[in-house]
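Participant: This structure is in structure tokens; I'll ask about it shortly.
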Amino acid sequence: MARPFKCRCICSKPETTCFVPENADGTGRVVIGYDEYEVIRLLDYVALTQEQCAEKMNVSRPTVTRMYDSARRKMADALVNGKKICIEGGDVAVCTAMKPQCAHEKYCCLRNKDKQV
């Protein structure tokens, strides 16, 4: 029997959810899930390790690796083939309050929302 799917924690849903190539004909589309977006954000933008990312998202490190590989393949397909990238869907839980481990986190989405108000 397969292991039950574990809901992935993300800081927040992105404000921009679609990227369209300037000279695209509009026929191709790649969908990146909110969890894959969060992995890219945490690993490449915030520069966390895979272990730190896994802890933050409440998943295992191998799961982070699989999500990261999947997101990179999708983005490569979009870049090479001129497809639109859409960020949507997935079984995720969005943070409603700042977690203790995010107290000193520079890129915490909840902290940034407070500053924007």
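The values are calculated or read from the model by the stated rules, or taken from the named source; none is laboratory data. Every value quoted in this text rests on a predicted model; they were computed, and no experiment measured them. Here Cβ is always computed from backbone atoms with ideal geometry, including for glycine, and neighbour counts include all displayed protein chains.
Participant: Need the failing condition index for VAL39 against (1) loosely packed, with under 14 Cβ neighbours inside 10 Å; (2) modelled with pLDDT of 90 or more, just the number.
Facilitator: (1)
Participant: In addition: (1) among the hydrophobic types (A, V, I, L, M, F, W, C); (2) at pLDDT below 80; (3) not in a loop (DSSP other than H, G, I, E, B): which one isn't true of MET98, the others all being true?
Facilitator: Answer for MET98: the failing condition is (3).
Participant: Filter the range 63-83 down to residues that are within 22 Å of SER12 (Cα to Cα) and of a type outside the set (A, V, I, L, M, F, W, C) and give me whichever is modelled with the lowest pLDDT. Walk me through it before giving the result.
Facilitator: Of all residues in the range 63-83, those within 22 Å of SER12 (Cα to Cα) come to 63-72, 74-75.
Now restrict to residues that are of a type outside the set (A, V, I, L, M, F, W, C): 63, 65-66, 68-70, 72, 74.
Values: THR63: 92, THR65: 97, ARG66: 95, TYR68: 97, ASP69: 98, SER70: 96, ARG72: 97, LYS74: 97.
In this case the residue turns out to be THR63.
Participant: Go through the range 39-60 and give me each residue that's in a helix (DSSP H, G or I) and either of a type in the set (A, V, I, L, M) or in contact with a Ser or Thr (Cβ under 9 Å, 6 or more places away or on another chain) (or both).
Facilitator: Taking the range 39-60 first, the residues in a helix (DSSP H, G or I) are 39-45, 50-57.
If the condition is that a residue be in a helix (DSSP H, G or I) and either of a type in the set (A, V, I, L, M) or in contact with a Ser or Thr (Cβ under 9 Å, 6 or more places away or on another chain) (or both), then VAL39, ILE40, LEU42, LEU43, GLN50, ALA54, MET57 are the ones that fit.
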